[in-house]
1. Could you give me the residue pairs with C-beta distances under 6 Å whose first residue belongs to region 49-67 and is within 11 Å of D77 (Cα to Cα) and of a type in the set (A, V, I, L, M), whose second residue is assigned to a strand (DSSP E or B) and at pLDDT 90 or above wherever it lies, and which are 6+ apart or on separate chains?
2. Please go through region 55-72 and pick out each residue that is farther than 27 Å from E107 by Cβ and of a type in the set (S, T, Y).
3. A103 - would you say it is modelled with pLDDT under 95, of a type in the set (G, A, S) and in contact with a strand residue (DSSP E or B) (Cβ under 8 Å, 6 or more places away or on another chain)?
4. Only one residue in K51, K68 is within 14 Å of V35 (Cβ to Cβ) and basic (K, R). Which one?
5. Cβ contacts < 9 Å: first residue within 12 Å of F65 (Cα to Cα), restricted to region 77-88; second residue among the charged types (D, E, K, R), any location; separation 6+ or different chain. Result?
6. For region 30-70: of the residues being more than 20 Å from L112 (Cα to Cα) and surrounded by 14 or more Cβ atoms within 10 Å (Cβ to Cβ), which is modelled with the lowest pLDDT?
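The values are calculated or read from the model by the stated rules, or taken from the named source; none is laboratory data. Nothing here was measured: the structure is a model prediction, and the numbers come from that model. Cβ: placed from backbone, ideal geometry, glycine included. Neighbour counts: every protein chain shown.
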Amino acid sequence: MVRLLLRLFFVFIFVISLFSCLKDDSILLESEIIVPTIFTPNGDGVNDTFKVIGKNITSFNMTIFNSKNVLMYSTSDIKQGWDGISDDKPAPQGNYSFVIRFAKRYEDSKTLAGNIELVR
């Protein structure tokens, strides 16, 4: 399962030709962020990291905490994901919370918080 936050907005385009004719049009742009709710870091090459996917992201920070609110992982690179390792040891199976702060092109920064499940 994935959680999807989808924002749509219009861009208006105005063109004036050499003969002073005005033409306008609009296009719909999509801006989204996808956050998985479960991952399985078992080394099989499928879903081994908890990684966020986003379009038009201009800044990003993700932190992951265990049930005792201890920081397990942090990154400011959206291309990096958590592999389930903390302090050079595999983190135990269970629920973890995340806080993601991000900004998208043409939008204010946002904070997204939720839970993920690590399954071994």
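1. Within 6 Å, the pairs are V52/V35; I57/F102; M62/T75; M62/I100.
2. Selection gives S67 alone.
3. Values: modelled with pLDDT under 95: yes; of a type in the set (G, A, S): yes; in contact with a strand residue (DSSP E or B) (Cβ under 8 Å, 6 or more places away or on another chain): yes.
Here the answer is yes, as A103 does meet what is asked.
4. Step by step, each of K51, K68 is checked, and only K51 is within 14 Å of V35 (Cβ to Cβ) and basic (K, R).
5. Taking only residues 6 or more apart or on different chains, the pairs are W82/K51; G84/D48; G84/R120.
6. Our first condition is that a residue be more than 20 Å from L112 (Cα to Cα); within region 30-70, this holds for 40-48.
Those still in the list that are surrounded by 14 or more Cβ atoms within 10 Å (Cβ to Cβ) too: 40-41, 47-48.
On the way: T40: 94, P41: 95, N47: 91, D48: 95.
The extreme case among them is N47.
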